1. Could you tell me which of VAL123, GLN134, GLY112 has its Cα farthest along the dipole of the range 110-156 towards the positive end, charges placed at Cβ (Lys, Arg +1; Asp, Glu -1), taken about the Cα centre?
2. Could you tell me which chymotrypsin sites (Phe, Trp or Tyr not before Pro) in the range 150-258 are loop residues by DSSP with no more than 15 other beta carbons within 10 angstrom of their beta carbon?
3. How far, in degrees from 0 to 90, does helix 275-284 lean away from the longest principal axis of the Cα atoms of the chain, to the nearest 10?
4. Could you name the aspartates and glutamates whose alpha carbon sits less than 12 Å from that of LYS67, not counting residues in the same chain fewer than 8 places away?
5. Evaluate the charge dipole of the range 290-344 about its Cα centre and quote only its size in Debye, nearest 20, assuming +1 on the Cβ of each Lys and Arg and -1 on the Cβ of each Asp and Glu.
6. Could you work out how far apart the two model spin labels at ASP303 and HIS143 are, taking each label as a point 7 Å from the Cα in the direction of the beta carbon, and quote it in nm?
7. Taking 30 Å as the cut-off for C-alpha to C-alpha distance, list the pairs among LYS203/LYS282; LYS39/LYS147; LYS43/LYS281 that go past it.
8. Which value, in debye to the nearest 20, gives the size of the charge dipole of the range 4-284 about its Cα centre, when Lys and Arg are +1 and Asp and Glu are -1 at the Cβ?
Amino acid sequence: MKLPRQFFKPLAVGAPAPLRELPVRLERMIHFVPPHIEKLVAKVPQLAREVDVVLGNLEDAIPADAKEAARAGFISFVCATKFGSTGLWTRINALNSPWALEDITQIVAAVGNKIDVVMLPKVDGPWDIHYLDQLLAQLEAKHGVKKPILIHAILETAEGVKNVDAIAVASPRMHGMSLGPADLAASRAMKTTRVGGGHPGYKVIADPADDAPRAAFQQDPWHYTLAKIVDACASAGIKPFYGPFGDFADAAGCEVQFRNAFLLGCAGAWSLHPSQIAIAKKVFSPDQAEVAFARKILAAMPDGTGAVMIDGKMQDDATWKQAKVLVDLARLVAAKDPELGRTYGF
Ligand code: GLV
Ligand code: MG
């Protein structure tokens, strides 16, 4: 293991110093754009005003014969667009693919000073992060990149889930992690064909009682993995995310799955279809009534210690900390979206 003193040293002479703290940014939805499809690329300037993060997808869902066009399309829309406070990410191809090396080298050379985060798919262990970390440092030094490019891992192999804690602390470049339910299902030999969400066959049923029909309740097959991701990320000071929800027609199913992730600690989710932008915005912006109650707690305990009763409920140092999480997030949302901010009373 690397000595703590070495951990924050740049990995290449001339590379920018690694960050000690993650930049504080609102990342409720990571919106996926396929950069080889001109009709969708034309919408990027408008999207950049609507979403928290624009991501150019180079990996799965991009056909093998369009990989180079997607990379070139990404570089060209990045050069042509002003992103302002909106995050700019790319999902590169997996490290064992023939495209990853050129994805990384060409993108850092062309737009290394604009890109915030590289999303790395199919991360199996810390060794994948170490490789990308070193390569990014060399390229940042070579191309005069001023701020370190961060790494976001997709957790979508059984081996990755087993190594999630080591992945979270593999580098100061780690931004966070997303659940990749489609690849993870395949990697585990789960008997499904879905991208995220529940399954009618994965359930518990009530005990038998005379002739009464037995009530059945679907369970969440992703709860275990998402909870592992949340703990690994929160303990490392990085951000956990739900990944994709593939049934675009099931807005209610998507909302419930995203909300479970939000309540469990996630910062956002992917939007693969424009209809999912509004769902993610609604779910990952805190509820008005919760924020109002949280503000009451903070006001009642100015130094965050002691115990008070509010509306019949006991509050103490721990609920003060929960309230602070909600109010801090509400302030971040308000800074991006003043209209929503007014509903919080800021
Ligand atoms: C995402 O990449 C997934 O495999 O679900
Ligand atoms: Mg995947």
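Every read-out reported here was derived from the displayed coordinates using simple, explicitly stated rules and does not represent laboratory data. If you're wondering where the values come from, they're calculated on a predicted model, not measured in any experiment. For neighbour counting, all protein chains shown are included, and Cβ atoms are generated from backbone atoms with ideal geometry for every residue, glycine included.
1. Most positive-ward Cα: GLY112.
2. TYR202, PHE248
3. Here the helix axis deviates by roughly 60 degrees.
4. Straight-line reach from LYS67, under 12 Å: GLU59, GLU102, ASP103.
5. 100
6. Taking the simple label geometry, ASP303 and HIS143 are separated by 5.2 nm.
7. Correct reply: LYS39/LYS147.
8. 900
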